[in-house]
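Reviewing the structure listed below.
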Amino acid sequence: MGKMLLFLICCLLFSVCLFQYVMADKKPPEQISLTLEGAKLPPVNFSHITHVEKAKLECVLCHHKDKNPQEPEACVKCHPLKEPQNNAPVAKDAFHKQCITCHNESASKGVATPAKCNECHKKQ
Ligand code: HEC
Ligand code: HEC
Ligand code: HEC
Ligand code: HEC
């Protein structure tokens, strides 16, 4: 009886740990301040809550080349600051293309999204 109980407690502890491990894996940082090295304009605030929970976008839509889009690398890892590499546009263009293309599409469907320079590069 005692051994059975111990076994059940171990199973319970194991599933709690596994659950937390899986959940930790999937939780992106809520709010990020994006700024490229040497940036002249104010940093851009990016919210995973807005994009993942509110707009219901898939990770892979933005983390488009990662082996595991749940655990992505920074964009600059593949999008260098100055020279394009393996057809990957430089970081500034990569950000602008990804963010602004979708915002324009959303705007045309009637969802308000920032599209002007100072709506993203907001003075703090
Ligand atoms: C609308 C675009 C978008 C979507 C959708 C999105 N992300 Fe992100 N995420 C970003 C951007 C932009 C960054 C900042 C990347 C950088 O610093 O270069 C980021 C950063 C991250 C980071 C930090 C990476 C690092 O540099 O250490 C993690 C982790 C992450 N996202 C996980 C997720 C997960 C998990 C999902 C899906 C549930 C998701 N993201 C969906 C745009 C997005
Ligand atoms: C693991 C490497 C890698 C990471 C990380 C990565 N990219 Fe890319 N990206 C590429 C490559 C390679 C291309 C070249 C075009 C292709 O093969 O689709 C590309 C192309 C692009 C393009 C151009 C697509 C087109 O249709 O013209 C955009 C925009 C882009 N990336 C944005 C981003 C953003 C924003 C992030 C971060 C959230 C990011 N990428 C992270 C490798 C990466
Ligand atoms: C695939 C579509 C898509 C991409 C890619 C995308 N966005 Fe958005 N974004 C949205 C939508 C949709 C909303 C409006 C969400 C709402 O209010 O319901 C939004 C809203 C926002 C807002 C205003 C709300 C807030 O959270 O402050 C900011 C700022 C923003 N996006 C920044 C960015 C940046 C920076 C990037 C690129 C790194 C980006 N977005 C990429 C779809 C996208
Ligand atoms: C949808 C959001 C968004 C809009 C709109 C936008 N940008 Fe950006 N921009 C970014 C992100 C994200 C980065 C990369 C992070 C950073 O350095 O700010 C960036 C980077 C830059 C950079 C390189 C870094 C620096 O500060 O020197 C310049 C220059 C820039 N943007 C200029 C502009 C101009 C000019 C406009 C208007 C025509 C504009 N951006 C509109 C999101 C946006």
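With axes computed from alpha carbons, what is the tilt in degrees of helix 91-108 against the longest principal axis of the chain, rounded to the nearest 10 within 0 to 90?
Roughly 90 degrees, rounded to the nearest 10.
Name the residues whose placed amide hydrogens come within less than 5 Å of the amide hydrogen of LEU34, ignoring near sequence neighbours (fewer than 5 apart) on the same chain.
Long-range HN contacts for LEU34: VAL44, ASN45, PHE46.
Order by neighbour count: LYS27, LYS65, fewest other Cβ atoms within 10 Å first, most last. Working shown, then result.
On the way: LYS27 10, LYS65 14.
Ascending Cβ contact count within 10 Å gives the list LYS27, LYS65.
Among the listed pairs LYS40/LYS67; LYS67/LYS122; LYS77/LYS116; LYS67/LYS97; LYS27/LYS122; LYS77/LYS123, which have their C-alpha atoms separated by more than 24 angstrom in this model?
Working: LYS40/LYS67 32 Å; LYS67/LYS122 33 Å; LYS77/LYS116 27 Å; LYS67/LYS97 21 Å; LYS27/LYS122 26 Å; LYS77/LYS123 27 Å.
Pairs exceeding 24 Å: LYS40/LYS67; LYS67/LYS122; LYS77/LYS116; LYS27/LYS122; LYS77/LYS123.
For the pair LEU57/LYS27, report the inter-label distance in nm, with labels modelled 7 Å from Cα in the Cβ direction.
Inter-label distance under the simple model: 2.2 nm.
On a 0 to 90 degree scale, rounded to 10, what angle separates helix 2-26 from the longest Cα axis of the chain?
Long axis of 2-26 versus the principal axis of the chain: about 0 degrees.
Please work out the Kirkwood hydrodynamic radius for segment 30-120, using every pair of different C-alpha atoms, and report it in angstroms with one decimal place. Display every interim value, and only then the final one.
Numbers: mean 1/r = 0.0703 Å⁻¹.
The Cα-based Kirkwood calculation yields 14.2 Å.
Taking the beta-carbon count within 10 Å as an exposure proxy, list LEU57, LEU5 from fewest neighbours to most.
Numbers: LEU57 14, LEU5 9.
Least crowded to most crowded, the residues run LEU5, LEU57.
The numbers here are math on the coordinates, done by the rules we state, and not lab data. These figures come from a predicted structure and were not determined experimentally. Please note: Cβ atoms are built from the backbone with ideal geometry, for glycine as well, and neighbour counts cover all protein chains shown.
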